[in-house]
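First the structure, in the form of structure tokens, and then the observations on it.
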Amino acid sequence: MSDSSELPKSEKEEEVTPEPEEQSDDSSEDEAAGDTDMDFLRNLFSSALGLGSAEKVLDELTLDGVARYINSGKCKNIICMVGAGISTSAGIPDFRSPGTGLYANLQKYNLPYPEAIFQIDYFKKHPEPFFALARELYPGQFKPTICHYFMKMLKDKGILRRCYTQNIDTLERVAGLEGDDLIEAHGTFYTSHCVSFCCRKEYSLEWMKEKIFSDDIPKCDKCSSLVKPDIVFFGENLPARFFTSMKMDFPRCDLLIVMGTSLQVQPFASLVSRVSKSCPRLLINMEKAGQVNPMMGLFGFGEGMDFDSDKAYRDVAHISTCDDGCLALADLLGWKAELEELVKKEHTKIDSQDAKEKASENKGATAKASSASAPPEPKAEE
């Protein structure tokens, strides 16, 4: 499905990414919550006592300053946090934009409320609406964007530690990021599993695609239960790997790039606070997001982004589309021509592959139709 990319979020979230309304008592989540509480208390006391002053890494809080920092060679562990905004230029709608978002166009499914289409309990009883929507937004029908390929360039240059994505459209994978490069916080269409707790048989992307486009409700070959893509529905836990990886990655991060997300959905949004106090943070988005709570900011507390106050020292907001922002940063880095060539080459490759697949499908359909319409051969005389 596409950011079908992100799944549903909280009531305030405007991106296409699912975020569970509740978390279970999963130990990884409890431990992560405990870490967050300790971080808050640690920062509260250090701020109150004037301890732990942070080093200023950027020479200026602009995109130019970020580019100079990257080119300095000191930046070797970049983490990207991305949301639905990086996939909208691929043609994938977000969830809540008035008139054009997915939730505004679900009336035909006769849902009790729009978010029900991504509620796990509703899905188990009424899977038809979800799979009908999946046909419209299925991965493979869209091409990665400039932003996706910019992250691939960071990987190729050896400075991308990880991409944390809220999206489920698999476009990061199509662009060339592999399993170890990615933390798909809200799951993915890349694999699917039987929903039966006693079975949990795994199925591939191609298997699920065949079922969805043949109008079949995917059922497990082993136990006949429903099979669901491994995307996080409301009422489900985030992948355990999200919690284990963030503890290793974020303390080592030396540049955090946040793109195409409003940073309203937890626990994803709180990741911005897990980098060191010296780590620069760049936001590329259509509006400022993730800013520190004004009341907490008055007392020097809070872990949100600070773009405008007198105390701002590491956060940069570049207000634009994600593609334009990545192109602008690539230009400052001296990578623009390389990025544009990469996008052109990869899109041509995808178009060529799509053309071959369609030709093969058409050939098969023609042969099948011809065989069905051919008159039966006369029986040999006895």
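The values are calculated or read from the model by the stated rules, or taken from the named source; none is laboratory data. This one's a predicted model, so the numbers in the text were calculated from it and none came from an experiment. A quick note on method: Cβ atoms are made from the backbone with ideal geometry, for glycine too, and the neighbour counts reach across all protein chains shown. Please note that ligands, DNA and RNA were not included when accessible areas were found on the heavy atoms of the full protein model with its side chains. Shrake-Rupley method; radii C 1.70, N 1.55, O 1.52, S 1.80 Å.
Residues satisfying the criterion are present in the stretch 183-190 (criterion: in a strand (DSSP E or B), at pLDDT below 90 and surrounded by fewer than 20 Cβ atoms within 10 Å (Cβ to Cβ)). Annotation: ARG161 fulfils all but one of (1) surrounded by 17 or more Cβ atoms within 10 Å (Cβ to Cβ); (2) at pLDDT below 90; (3) within 25 Å of VAL343 (Cβ to Cβ); the unmet one is (2).
Matching residues to (1) open to solvent by less than 40 Å² (accessible area, probe 1.4 Å); (2) acidic (Asp, Glu); (3) touching a strand residue (DSSP E or B) at 6+ places or on another chain (Cβ under 7 Å):
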{"position": "GLY179", "(1), (2), (3)": "yes, no, no"}
{"position": "CYS199", "(1), (2), (3)": "yes, no, no"}
{"position": "GLU202", "(1), (2), (3)": "no, yes, yes"}
{"position": "GLU210", "(1), (2), (3)": "no, yes, no"}
{"position": "SER214", "(1), (2), (3)": "no, no, no"}
{"position": "VAL227", "(1), (2), (3)": "yes, no, yes"}
{"position": "VAL232", "(1), (2), (3)": "yes, no, yes"}
{"position": "GLY235", "(1), (2), (3)": "no, no, yes"}
{"position": "LEU238", "(1), (2), (3)": "yes, no, no"}
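Within the stretch 312-336, residues that are modelled with pLDDT of 95 or more have Cβ atoms under 6 Å from residues that are of a type in the set (S, T, N, Q) and open to solvent by less than 20 Å² (accessible area, probe 1.4 Å) in these pairs: ASP323/THR145, counting only partners at least 6 apart in sequence or on another chain. Across the stretch 196-226, the number of residues qualifying as among the aliphatic types (A, V, I, L, M) and farther than 16 Å from ALA132 by Cβ comes to 1. Restricting the stretch 308-321 to residues that are assigned to a loop (DSSP other than H, G, I, E, B) and more than 10 Å from LEU282 (Cα to Cα) leaves a set whose member that is nearest to the chain's Cα centre (by Cα) is THR321.
For the condition at pLDDT 95 or above, in a loop (DSSP other than H, G, I, E, B) and aliphatic (A, V, I, L, M), LEU154 does not qualify. Within the stretch 111-134, not a single residue is part of a loop (DSSP other than H, G, I, E, B) and touching a Gly at 6+ places or on another chain (Cβ under 9 Å).
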